[in-house]
Every structure is written in C-alpha cells, then in structure tokens.
1. If you wrap a convex hull around the alpha carbons of the range C:93-211, what volume per residue comes out, as a whole number of Å³?
2. I need to check one value: relative contact order of the range D:72-316, counting alpha carbon pairs closer than 8 Å and at least 6 residues apart, in percent.
3. Within the range C:220-291, list the GluC sites (Glu not before Pro) lying in a DSSP loop whose Cβ has at most 15 other Cβ atoms in a 10 Å radius.
4. Describe numerically, in nm with one decimal, the distance between label points set 7 Å from Cα along Cα→Cβ at residue C:13 and at residue B:2.
5. Rounded to two decimals, what is Rg over Rh for the range D:209-305 when you use alpha-carbon atoms and the Kirkwood radius?
6. Given R₀ = 51 Å, what would the calculated FRET efficiency be for residue C:245 paired with residue D:335, taking r from the Cβ atoms and rounding to 0.05?
7. With θ set to phi - 60° and the Karplus curve 6.51 cos²θ - 1.76 cosθ + 1.60, what are the ³J(HN,Hα) couplings of the range A:106-117 in order, to the nearest whole Hz, using x for Gly and Pro?
8. For residue B:251, enumerate residues with amide H under 5 Å from its amide H, sequence gap 5+ or separate chain, H modeled in the peptide plane.
Amino acid sequence: MTTPVLSARGLVKTFGRVVGLDGVDLDLHRGEVLAVIGDNGAGKSTLIKTLTGALAPDAGEIRLDGELVSFKRPQDAREAGIETVYQTLAVAPALDIASNLYLAREERRPGVLGSVLRMLDKKGMRDRAQQSVQELGISTIQNMAVPVESLSGGQRQAVAVARAAAFGSKVVVLDEPTAALGVKESGQVLRLVEQLRERNLGVILISHNMPHVWEVADRIHVQRLGRCAGVITPESHSMTDGVAIMTGAMALPA
Amino acid sequence: MTTPVLSARGLVKTFGRVVGLDGVDLDLHRGEVLAVIGDNGAGKSTLIKTLTGALAPDAGEIRLDGELVSFKRPQDAREAGIETVYQTLAVAPALDIASNLYLAREERRPGVLGSVLRMLDKKGMRDRAQQSVQELGISTIQNMAVPVESLSGGQRQAVAVARAAAFGSKVVVLDEPTAALGVKESGQVLRLVEQLRERNLGVILISHNMPHVWEVADRIHVQRLGRCAGVITPESHSMTDGVAIMTGAMALPA
Amino acid sequence: GCGGDSSASDSDEIAVSLITKDSLNPFFVSMQEGAKKAGEAEGVDITIAAGAEDGDEEGQIQAIENAVAQGQDGILITPNGPGVNPAIEKARDNGLYVIALDTPPEPAETVDITFATDNFAAGELIGEWTAAQLDGEKATIALLDLFNDKIVSVDYNRDQGFLTGMGIDTADPEKNGDEASSGSYSGGDYEIVCNEPTNGAEDGGRTAMETCLSTSDDINVVYTINEPAAYGAEAALKAAGIDPKDVLIVSVDGGCQGVQAVADGIIDATSQQYPVRMAEEGVTAIKEIATGGEAPEPTDGKDFFDTGVELVTDTPADGVESIDTAAASEICWG
Amino acid sequence: MTDTRTSISGGSGPARTGPPARPGPSAADELARRRSSPAQRVQHLLHGHPAISPALILVLTVVVFASLNPRFGEPQTISLMVQQTAVVAALAVGQTLIILTAGIDLSVGAVAILSMMLMAKTASENGLSGPVALLLGLVAGIAAGALNGFLVTRLKLPPFIVTLGTLSVFTAMALLYTGGRSVQQVAMPDLLNWTGEIIRVGDFRITTGVLITAAIYLVAGFALSQTAWGRHVYAVGDDAEASRLAGIRVNRVLFSVYVAAGLIYALAAWVLIGRAGAASPNAIAGANLDSITAVVIGGTSLFGGRGAVLGTLLGALIVQAFTTGLSLAGVDDQYRLLAVGVLVILAVSVDQWIRKVRA
Amino acid sequence: MTDTRTSISGGSGPARTGPPARPGPSAADELARRRSSPAQRVQHLLHGHPAISPALILVLTVVVFASLNPRFGEPQTISLMVQQTAVVAALAVGQTLIILTAGIDLSVGAVAILSMMLMAKTASENGLSGPVALLLGLVAGIAAGALNGFLVTRLKLPPFIVTLGTLSVFTAMALLYTGGRSVQQVAMPDLLNWTGEIIRVGDFRITTGVLITAAIYLVAGFALSQTAWGRHVYAVGDDAEASRLAGIRVNRVLFSVYVAAGLIYALAAWVLIGRAGAASPNAIAGANLDSITAVVIGGTSLFGGRGAVLGTLLGALIVQAFTTGLSLAGVDDQYRLLAVGVLVILAVSVDQWIRKVRA
Ligand SMILES: Nc1ncnc2c1ncn2[C@@H]1O[C@H](COP(=O)(O)OP(=O)(O)OP(=O)(O)O)[C@@H](O)[C@H]1O
Ligand SMILES: Nc1ncnc2c1ncn2[C@@H]1O[C@H](COP(=O)(O)OP(=O)(O)OP(=O)(O)O)[C@@H](O)[C@H]1O
Ligand SMILES: [Mg+2]
Ligand SMILES: [Mg+2]
C-alpha cells in the first residue's frame, strides 16, 4: 500500500506535570480527511502542534512520506508542505489581511525592483488574497487592506483558513476551523476540505462539531485524556458511538 | 402582558464607515431564551455589546424592566443584574481561575480582616469557584489556582460561562459560549441555559450552531447586515428556513 | 568685533547668553542669579541656558547655535568639554564675543577670555593645607570624586590638584585613580583607600563615604569634590560612630552654606571660588566690548583671568595662606 | 506497509486494530519518573515560587563577594547596603505598581525631589512645624501622582509620554522653587530628620528610614496580594479591555495606582532626607533608571500584569550588592561600571534559566 | 405592552410582525450623513494617514514660534534646527526599529560614542586612513548591535535589561579606551569630518550629515514598508508567537533588527563628528531619552508592531522646534524645561485627539 504522507509514533508531550500527549500514534494518507475529536483538554491541539513543529515532542517520531523528520519550527513544517490553522489563529492583528495571508512567504515584484530592491508585490498579493478569500465565500470581507484586528472573530478565522488552503502542498491541518464561523461560512470550509482531498492532499481536521465530522471525515481519530482511544470511520460507528468513546462511556476492543 | 426585562429600540452603532448596527429593536422577557443568529459580521456581538454597556450606541434607547437606562460601562450593566460572556471572553490570562471568576466582585473575609484590612477571602472564593466550575461539568479543570493562560481554549470558555451563570440576577448574555467547547461541555452549557430560564432569568444566546439554537431557544432574532431580518420561533420555522433568512435567501413578510 | 549683520540692528539692548554646565548644581544656579543681577544693573539682556546635565556637550552646542541665531552679542559659557570648542569658534566667526567662566577650555585661545578659578590650584590649596595639618602623621585618604560614568575636567583637576598639594605623584594628571595606592606624601606615608563617585550631592557623598569606610577603618583624610558631597561624608562618619572631628574633611566651592559648614566644624577646609564674580565680570566685559570698549587682559602668567581662590579654614596651617570663615562669609556666593 | 484503514492506533488506549496496546505505565509516566531527579524537584519548587530565584541570586552574590573580601559579609557592611538601598527600594515600590499596570514612570525622581524640597523649605524658611511640613510634602507627592494619573486616564496618553513631560515640569518647578540650593539637617525639624536615626538590632544597624521602606513594602505587598484592589491592578495590567468588560473601573484603578505611587515617592523623599542628612534638589540622579532596574531584575514584566514587590526588593538589593561588592573588591571605577553591566545581564540570565526550566 | 411573541422587530428589515418597517434610508445612513461635515472629512483623512497629524503639529509649532519671533521662520533658523536634529533623528531610526519589535534600546548613545571614538582615535593615533577608520567604526556599531541581538534572542532576556547592561559595558569601554579625552577635528581625516560640510540650497544651509540622516530614513522607510523583512518586523512586534506559528523566524528577524540598529547608530556617530567638529566621549548625553521621545511622539507604540519612521522624523523635529523656539523667544533654561514638558504632553494630546476621532 501507499506510504502515509504523515505518520507519527509514540508522541509524548508533557507541560510541567500536565501530560498533554501520552504516546500517540497517527497516520495520514494522501487524499484522506482524518478528523480528530475529543473533549476539551484531550490533547488535540497539542497533538497537531507536535506534528507541525510548533511544539517539540518529548519522545516519539514523525515521518513525512516515510522519511524521518524533525521540525524545529513551524517554518520547517511549512517548507515541507504542511500548512496549519492553529486554534489561536496565528495572525498579526495590526497587519492587513493580504499581509497576513502572505506572511513569511511574501512575493516580490518581477524584475530589478524585486530581485535587487526586494520590493514586495503588494498589489499582486492583495489581488490574489482577494481571490483566496472569495473562494471561501466570505463575502463580508471586502477590503484586503484593513488590519485583521478590525475583523469579527469569524472573519479572522476565515483569513487563517484561506491562508492554509492557498499554500498547503502535502498536508493541511485545521484546528477547529469552523468554531467561530456562521452556518454558510462553515459549509464553505467543509467544501474546501473536500476540495483539498480532491487535490490529493492529506487533511487533519479537529472539530467539536460531530455533524461536520461525520459529513467529511474518512477516518476519525478519537483522542481521550492525552491518548488515542481508537480510530473509527463514519461508516463503522454512529455519532453517538463517537461521543461515547470520546467521553469514555464506551471502549473499543483492543 | 409582562414588561420585557430588557428591551431596545432603534439601536445604531457605526465604526468609522462600517455600520455595525442599523436601527435594531429587541425585547427579552423573564424566563425566556432569546437566540440571536446571523452570519459572521452581521452585528450580533455589536448588538449585545451595546446592550451590556461595553459599547455606547450612537442612537437608540435601552430599557431594563421598563426603565430607561444608559450603561456607561460594563460595570453598570453588571450591577443592574446583566451578566455577559463576551466572544473575546474577557478573562485576565495571568490571574488564576478563582480570581477571574470573582473579578470585580471579590469577596472579603468576615470580621475585622475583611472590613478593616479589606482582606480577600481567597479560600472561600476558590471553593465556590470549584463548585461553579463543577456544576458546569468541566471535569478537566481541577485546580482553581492555575492561571487562565495555561488552560485550553475550551477550558477558558468554560470559566467565562461559569462566571456569568454564577452571578446573573436578571439577564444573562452569552456570545457564542459553546464555540470552543466539546460535545459534552456544550451539552452542559445548554442545560445551564435551561436552568437559568427556570430561575426566571432572561437569556440571550448567540450561536452559530443551529441544532443548539433550535434545541433551547424560545424565540430567535435573526440578524442580517446590521439589521434585524425578523424574529422567528423554533416552532414556526425550520432550521433550513432560519438559515435562509440569515443569508437573505428568504425574506419574512413585513 | 561684534556681529554687525544682525545684533545691533535688532535693538539697542545688548543680549548675552549664559550657558552653564547644568541647572542643578547650586554653583551654577548662583552664577545664573549673579549674571541676571549684573545684567539688570548694566542693562544687558541675559538669556539663561544650560546642558541637560554635567558633561552634556550637545545641549551646549545647541545653546551656542541658538544664541548665534538670535543675533546676540556674546556668550558666557562654562564649557562641558572640548566637544563644544568648534561651536564656540563658529560663534566667534559670527562676531560674538565668547567668555568662558569657571572652566578654561582646552586650548585657552578657543574663547576670547576666561574668567575662572584654577580648579587644579583650588585642589592644591586644600592638599597643601591637609599635608601641613597632618604634620607627619600617616594619611589614610578617601577620595570622593564626581562621576564614574563620564570624565569631566573639574573632576580630575580638583582630585589631582589635591594629591599634588599633598605631595603625591599623580602619574597622569588627567586621570583619577591611576596613582600608586600607597607611598609617601610630603609629610610621611599615605594610603588611598578608595575613589568613589558622589554625583556632587549629599546622598551620593554619604554612599561613597560608607563604601570607603567599609574598606578601611583608619581613614583620616577625606577629599570631597564639593561641599554637598562633604556633608554626605560627614553624615556617614557620624553614622559609623566615628567622630568627624578626628577626620580631616576638605572640599572645594566655598558657597555660603559651605563656609558655614567650615565654621560649624563639619568641613575642615574648603577652597572658595567666586561664581557670582565670574558672571559679573563676564557681563561687564561683554558690555564693554559691545559698546566699543577694551577687552580685559588675562592674569599675568596664566592664559585666563583668574577670579581667585581662597582657602577657607578656621585652623590655619603654616605656609598655607588662608582666610577665616568670618572673612569668607562676607564674600561667599549663594 | 499496512492497510490504510488499520494502520492507526492509540498509543496505549484500546484501539480497534493495529499493534497491540502497550501495557502498564504510560510513556509519559515513565518519562516523568526518569526526570524527577532531586535537581528537577528543586527546579519545580523554584518555578512555583518565583521570588526564590532572585533570592538565590542575591545569596550567591553575597557569598561570592564575601569570599573575595571578608568585610563584605560582616553585619556592618550588610547593614550599610540595606541603608543604601532604602531610598531606591522605596521608590521602586511605586514604580512596580505603575509597571504592573503596563505603564512606566519617568518622573519618579522628580516627584520625590519636589516633595522633599517642599517639606524641607516650608519647615526651614516658612517655619512650618515638622508634622505640617511632612504632611504638605506627602500631599505634594499625591498631587503629582494625581496629575500623572489624570493625564493617563482622562487624556488617554501613554504613561511614557505623560511622565516624560511631568519629569521636565516637576524638575523645573523644584529648581525654580529652590534655586538649586539645598536645606541642611540643622535647619529642619526633628521629624523630617527622624528617618536618619539609627536602630541597633544585635550587630546590625538600620535606620528608621529603613523601617519606613519596609513598611511600604509590607503595605504594598499586602494590598497587591490580599485585596480586591490588588487583583484589579494585576487584571488591568494584564488586559485592560478584558478588565473593563469584566466590570473593573479601569480608569479608577489606574488613577489610584498613580496616586499611591506619588504618596510612596513622597515617603521615599522623607527617607532620603534622613539618609542624606539634607534636602538637596540634585539628589538621586539615577532614580528613574535605578528604580526601573530594580523592578525588572525583580522579575516584574514591563508589559504589565506579572510580578510582585518582593521581587523588586530583591532586585534593588542585588544591584546594591554588586556595586558595593565590586567597590570592596577594589575594582577601579570604570571597570566597576563595566562589571555591573555584565553582572546585571548575568543575574537576569540565571534567573531566566531557573524560571524557564520546566518538567 | 404588546404580546411577547410579537413585540420584537427588525429595525427596518422585513419583520414578521410588529411596527411597520421604516422605509428608505436607514438610521445609520442618516447618522452618517449628518456627521459628514467638512471638518469630519478632514478628520477622516487624518485618520487614514497617521503621519499627517504630527506633521500638522510641527507646522503649527513653527507658525506659533515664528509669530513670537520672526527669526524663527527664517531659512537660517530652519536650517539650524534641521542640523541640530540630524544626530538624534538618525539614532531614533534605530530606536524605532527596535521599538517596533516591542523592545527598547538604552544603549543607543553608548554604542554611538563607542564607534565614534573608535573611528576618531584609530585615525588620529594609529594612523588608519579615513575609509578604514570609518569602516572600523561601522563594524563596531554592528558588533555592538549583534551583542544586544544575541543576548535578546539567544538568552531570551528582556531588551530593557540587555541594553541597560550593555549601556554600562559600552560606556565603560569608551571611557577606558579614551580616558575621557576627545579628538579634535584637525587630528581626523577629511572623510570623518566630511559630514560637517555645508551645502547651500537657496537660502537653506544643510550639512552632508543631514543628507546621511535623510538617506537612513529613506532606506529604513523603504525596508519597513516595501520589503518582506519590514513586514516581519511589524509582525514580530505585533505578536511574536503568532509570527512564529505563521512561519517567521522570529529570532533571525530580531537579530537583524539589532544589527541594523547598531549600524545606524554608527552612521549617526559619523554625522555627530561632523556636527560637533570633534569626537568627544561626553557627546549626546540625552541620546536615550531623546531618541525614545522622538519615536513615541512620532506615534510608534512602545508595545510594538505599530508605527513608522516618518513619524519618528516628525517627532524629532517637533521636539527640536520646541526647544529652539523657546530659546529664541528668550525663555530661560528652567522655564524652558517646564515649557518643553508641557508642550510634549500637549503635542501628544492633540495628536491623540486627531487620531481618535472616528465617524
Ligand atoms: N503551554 C501549556 N502549558 C501548560 N499546559 C498546557 C499547555 N498547553 C496545553 N496544556 C494542557 O495540556 C492539555 C491538553 O491541551 P490541548 O490544548 O491539547 O487540548 P485540546 O484537546 O486542544 O482542547 P480544546 O478542545 O479545548 O482546544 C490541557 O490539560 C492543557 O491545559
Ligand atoms: N471595533 C471595531 N472597529 C471597526 N469595525 C468593527 C469593530 N467591531 C466590529 N466591527 C465591524 O462591525 C461589523 C459587525 O461585527 P460583529 O462583531 O458585531 O459581528 P458578529 O455578528 O458578532 O460576527 P461573528 O459571528 O463573526 O462574531 C463587522 O463588519 C465588523 O468588522
Ligand atoms: Mg485545542
Ligand atoms: Mg461576534
């Protein structure tokens, strides 16, 4: 069979005496949507942070396309083709929308202005940002030159999702991307997740919204108290089962 | 009929050239859950901010129990019995959970220590905080002395909700209280909303989660582009209708 | 001559800037007051300016430039350092008459003339007096200087002058603290136990003296950069249970409070300077020149006009000329 | 490779398929045990009690310098250092309050000088009695703080700008009022000089001024940690907007902080009279930088909301121990300046290292 | 009252029941129209272009002082003010960069002095040629900046502490190296003195040093607003953790900012040689506070992420116009100190007022 595009074995991460992750394994294949569900504090965000270089795991290994990797910083994961929307969004509030979309991957002007003077292609980035945001269908965001801090919570989230969708080449990780989004916008994000799958990317989706998860996920990783309580599929288990496993009311056979 | 506990007429709020609210009316009765739904940027947060003293409306009037009121600051609304969970949570990250719960309403020790030395009843507040949080069923929060910044997003939200539930005497306003919460925790918050209704309080609930809204709301205020697109009930309209009104796909007869 | 292009045409009144090192030191505040009074008497319009702090050259440069821009007739300045020399030269090129007060610039020809005390001589006087008072006894010396985060000429001139007066070889006379920490002075053996900065104030003087006292219990000579530092030193001695009478405290300045302190026995001797006289002489000189009169001549044998230093003490020593506190309080400043 | 649908499993939790679940203690438990060496436990302790680490650095400093020069460890020297720190340490309490609200005060020294000269001159020249003059000075400190607080809360100006402006204003006022002249001990009533009185405790000798500073620390420490006001100060510094939404009257809290700071500066001015044995308008030249340094070395964040006065006290003592220690070690003036710079950086590095270690 | 179920209605949107929908333009539209007076539109403009408001204040200052003393408005005086500002304005560019990253630099003046003395003494005493001495000075500035940057990024120390420490270290080094002695113009090669050359532009006379300062502003302004590096500087100052998560190498950006600042300070040192006509270790005593003041009056936030060098330039000019203006008006030093304090607060108040007005 194919090598998983991203796989992890025995990830452990502690914060002082708090155990965030307690030996977690995970495999993600190309063209697959892997949902991660779990109660608050189950370690979902910690899991994807260790996968994307935002946190260094205390133990365990991570492979990208079968190669052992060790991301020292988010930039490394990003350069390897893993794009992430963190729960805290990771936007710079004082910068405008276009700047945030292109943060750390700014585009320069063609010709001497770009190569020698290293001038930014502001207009180009703004136009392409407009396009990315429109593809998500967030119609209330009109002007790409307004600072992110003047956006509503949902609008900010849309900016972060647009960024990940525009630049992910292998894996896109979304930590609760629809938490603050309206019904229409949430639907838009789910469509986007499906598009990413069609582009043969691997997608990790963290969500507390079970209908959303059951709608788009191929497989569901259930995280509980820092460990993986099992992996199910929307076909094999009902939403109620999923919630029961999450909360410990039901255990999967070993 | 009864006087609404909270009512507003013709609220207008603009930010520079952005129109946040464009002449909105609202009535909330005791023992009622009024949901507010709407797309991102529809003005939901702005609406409740003007109602709770966090923003001063440019025009319009607000009545509490039929009396004209004008809240200069959140403290005024709070003293009048209106308790709010803002979307941005309004917690002080470096303070511990108990301090945050009792922020701006600290309790003093009995006797001279409290009245003369104005000493805080730290232990008492911590114990009661523990109780409030446990009532919400957030089992992963154990120690009331840890700073809020070390909590997960969902845990923080739980703290903010616990604070409002513990202190609201007339009206409780919740701006997307379940956005970051897990399934179990969300359920717990919905139970809490029902309890508040039983205690004869008025509750305003903003949520993007339609099933939640249709589960607990008595009436639903649909906000669209800064105006009220109409008020419906879970009985009169289906979720699909609600979403259609929100997005402008369907209009209510005038 | 005077700047014909601007100053005279503006008004008949003669305008002069007094630019002191700072406005915090009572010495300079007295000088400012003296200049103001003299200005009123002579019909000269005085503008007061100063550096932000002792050693602030840029602040003085700006003040000089502003005086030029205002079209004034002359400048009285206590230069904060050689960094202001080029600005002074430019002012003179623009026809302003520049007089240095208190501190002669290096080189002295930078200004038209200097009215100053010789700070080195002021130090020498108290040094000689101290050596004579000790009468052969071993000297254990605490040196309470001005700054440790900048080097200014008063600081090393007084300190090194004092040591020279004691008959101690100072090595580099423009560097505090490079002399041998023990050896012999003109009357016997000496030991220098500390060089501490005081900022020229009471609290700094006290802290410095305390530090010195924790280094050695035998201190019997305390040199202080100015009188406030000396008061601080005395407070420290008292607090340490040492009778200040058993220790020779010497200082420089001779302000009225300082003279009183000598009379009270807090300070044993101080070298008196005449800031008010400097200011008055300066104002008069500029008026003279602006109205076509003669410029004053430097004191014989010196490259500046010496406004004089007197040693003030009530316990005179043989071979060192001095005046008593009664006489000194007649001519003191501030 | 294994089949897509079966290759994923929970580390040790019950998994549907895949490798057998690991039995017994979890990976993290093992890791935690391996790490719980005694040294680790010490670091845990330090982490829980942030004031321990500057305290350790202070002790370390004293031990090192005492080994270089035995006089350093003697009661007299220690008494001396405590006396020398008293004024800056008192000023730094006010500075701590303001920095906790994410502000900064550049007018510290100017306020202290202004109220000191007012106390001293009204007593010596206008013949006011000691208590009245003292009261007047304290009121002046409060008024100066209130002006700062008014400008910060009403005009919504950044504290840096406000206090930069009032630094000039208060300094100029003190100069104009005094003409640069100081007032000597003898000219002042006993009450003003009282802060210089020596108290013997065994071999140690402290002044009543030191006691006043200690009292300021006790009151401020109590108010910050035990009262609602203290909570509000932290909350406002942490996130002013969140505090406002939570119902705190942000402006009232800020204003009270500036007023309290003004009062503390005036008390410090009283301590200064006793210490210097005179009231002089050019005293405490380095008050701004020294007080801020004490606060920052004491671990209070310049961004507000985190810190405590105990840290500030230790910070002030650390700096004093460095300067006195280097003097006693016979280090030359300019080398001492250099060494203090290096040591400040070192002290904070060690502190950061101790605080940062987690696990 | 009306029935519960019918009493609620959308303001003007189509509502199920309740009062009839308001026709035509909405309430907010009406409000907006009522407010759109010409004055309001000006305020809108000001709001969109933050540099306009300090520029207006500068113009206002110049007009007021020129009306007090006609000499003030003359080309000579304006030329003078520009020359007087050149050094602080250049230093303030480096300070702006660092403050944009939420840092602060207290070693500004010390770095400038150190590189200046190195240039001057190696040329005058060791016989180095002008270009080599200049290069050495610039390298020294870069090295000093790199040391600050290293301590901030590697040891994770607060910039305040780092630069407080290096302030002492660099000051001590300069004093030890020079023994407090300055180097006169004549002893220095022409290249070092070149920044003092006068250039006439009509009635205005500026120096080549002013041109260097202008060049520093152009390059820094371009880099901040037009390059990716500039974006990253803003992003890091705005939210360092978010920037890290977004893929910015935060430490690399911070380090580069400190190095760039060091280079700018060294260039300012060169300008200073020409301006003072000498290299003196006591020059620019007020560099720290003056440079920070220019930055803050120019509207850059001390909390990082917001601001621009153009504002800093205006800030520096405003302060200079105040001091020169008051001096030409014949105001004495102490009153000038007082007036500058009041004016700084006033200027920032007006600026805040202009910026705050929205609608
Ligand atoms: N930086 C940190 N310091 C200390 N504890 C942390 C830190 N980050 C996370 N934790 C703790 O680790 C545990 C797992 O947190 P994590 O954020 O991964 O949960 P989560 O599953 O994402 O929860 P949520 O659904 O609420 O976002 C929690 O108990 C949390 O308090
Ligand atoms: N302080 C502000 N300054 C400028 N514009 C603002 C401000 N606050 C809100 N807005 C704008 O007002 C409009 C309404 O915002 P609001 O936060 O009320 O939306 P919302 O309905 O709560 O959206 P969400 O569901 O995303 O939270 C948005 O277009 C928003 O950008
Ligand atoms: Mg999470
Ligand atoms: Mg909202």
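Derivation of every value follows stated rules applied to the coordinates shown; laboratory data play no part. No experiment lies behind these values; they were computed from the predicted model shown. Neighbour counts run over all protein chains shown; Cβ positions are idealised from the backbone, glycine included.
1. 123
2. On the way: 465 pairs, mean separation 92.5, N = 245.
It rounds to 38 percent for the range D:72-316.
3. On the way: sites: C:234, C:280, C:281, C:288; in loops: none.
Those that pass, being in a loop and sparsely packed, number zero.
4. 8.0
5. Numbers: Rg = 15.5 Å, Rh = 15.1 Å.
Ratio of gyration radius to Kirkwood radius for the range D:209-305: 1.03.
6. Values: r = 35 Å, r/R0 = 0.69.
My answer for the efficiency is 0.90.
7. 4, 9, 9, 5, x, x, 4, 3, x, 6, 8, 7
8. Amide H neighbours of residue B:251, under 5 Å, 5+ apart: none.
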